[in-house]
1. Where in the stretch 191-266 are the helices (runs of 4 or more DSSP H), entirely inside, with at least 3 residues that are on the phi < 0 side of the Ramachandran plot and charged (D, E, K, R)?
2. Here are Glu9, Glu107, Glu88, Glu41: which of them is modelled with pLDDT of 90 or more, loosely packed, with under 15 Cβ neighbours inside 10 Å and more than 23 Å from Ser190 (Cα to Cα)?
3. Could you say which residue among Ile69, Ile78, Ile112 is modelled with pLDDT of 85 or more and touching a Lys or Arg at 6+ places or on another chain (Cβ under 8 Å)?
4. For the stretch 190-220, enumerate the residues that are exposed (fewer than 14 other Cβ atoms within 10 Å of the Cβ) and touching a helix residue (DSSP H, G or I) at 6+ places or on another chain (Cβ under 7 Å).
5. Could you tell me whether any residue of the stretch 179-186 is among the acidic types (Asp, Glu) and either closer than 28 Å to Gln44 by Cα or not in a helix (DSSP H, G or I) (or both)?
6. So is Glu12 part of a helix (DSSP H, G or I) and of a type in the set (Asp, Glu) or not?
Amino acid sequence: MKLLIVDDEIIEREALKHFFKSNDLGIEVVGEASNGLQAIELNQAFQPDIITMDIRMGILDGLKATECIKRDNPQVEILILTAFGLFEYSQQAIKNRVFDYLLKPVEEKELINAIEKVKKHINSKIKPLQVNQRAKLFDFWLNQDTVEYKKNDELFKDNRISKIVNYIMDNLEKDLTLEILASLVHINTSYLSRLFKSTTGVTLSNFILEARIEKAKFLLINQRKKPLKVIAEEVGFTNIHHFSNTFKKLEGITPTNYRSTGKGAV
């Protein structure tokens with residue numbers, strides 16, 4: 001997992017880098033910041049999984065930085081490491097949904113325990129959709145039960161992924177580029193690729209292709225008089241031959257034969 005260190009004291013940053021280098025915790029330090037403003041910029045650049053955050057820093061303090069970072073990247077988990085245990089600080093930290101609040105000097109064992117807990121928490125949130133779950137998702141949409149699906153938050157805990165999937169399923173006939181989809185939720189393309197794969201279990205491009213073929217199957221059976229060319233266009237294929245070849249590659253049968261039999265190869 002990727003970690004960003006935020007502390008205005010260079011000695012503290014060096015100590016933390018040495019700690020993570022010396023202990024095999026599966027943590028990669030991807031950057032370090034000396035104030036809250038740098039932390040916000042590096043969070044956008046590196047999209048870390050974990051941030052260790054000091055509170056009292058120049059330019060922008062850690063609590064205000066945490067608020068901005070969590071708004072931009074809700075999935076990141078933040079560990080406050082500070083010498084100040086003021087009640088108002090801890091309350092503000094809780095309000096900003098930090099994972100833990102540790103007081104300096106932190107015992108090595110305490111920090112290791114905190115890191116292991118936050119890793120376990122992050123891993124527990126990553127529950128990729130299995131094939132049957134994706135089938136359930138497609139079934140909701142293809143039967144026009146989108147209201148029920150949009151109320152169901154069990155499949156996607158990250159509302160950015162929900163928004164992207166909603167857009168994909170509503171716009172299968174359009175050019176669904178990575179750049180367009182990333183712009184919908186205001187994140188960069190590389191982060192979207194990683195986030196989508198970890199959330200759904202498939203790459204974004206494969207998900208779009210699977211959705212298109214599933215809708216094509218639905219149309220072939222439920223709108224039997226609709227020409228293949230029209231169906232191909234409605235699911236995002238500009239070339240009917242490309243559509244037919246892709247359909248057969250994935251389903252083991254041509255669209256025409258699928259319409260006749262109502263099922264794929266066995």
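1. Answer list for the stretch 191-266: 204-222, 228-234, 240-251.
2. Glu9
3. Working: Ile69 fails: touching a Lys or Arg at 6+ places or on another chain (Cβ under 8 Å); Ile112 fails: touching a Lys or Arg at 6+ places or on another chain (Cβ under 8 Å).
Just one listed residue meets the conditions, Ile78.
4. Thr203
5. Of all residues in the stretch 179-186, those among the acidic types (Asp, Glu) come to 179.
Next, from what is left, pick out any that are either closer than 28 Å to Gln44 by Cα or not in a helix (DSSP H, G or I) (or both): 179.
Among the residues of the stretch 179-186, at least one is among the acidic types (Asp, Glu) and either closer than 28 Å to Gln44 by Cα or not in a helix (DSSP H, G or I) (or both), which makes the answer yes.
6. Against the criterion (part of a helix (DSSP H, G or I) and of a type in the set (Asp, Glu)), Glu12 qualifies.
The values are calculated or read from the model by the stated rules, or taken from the named source; none is laboratory data. Because the structure is predicted, anything quoted here is derived from the model rather than measured. So basically every Cβ, Gly included, is an ideal-geometry build from the backbone, and we count neighbours across all protein chains shown.
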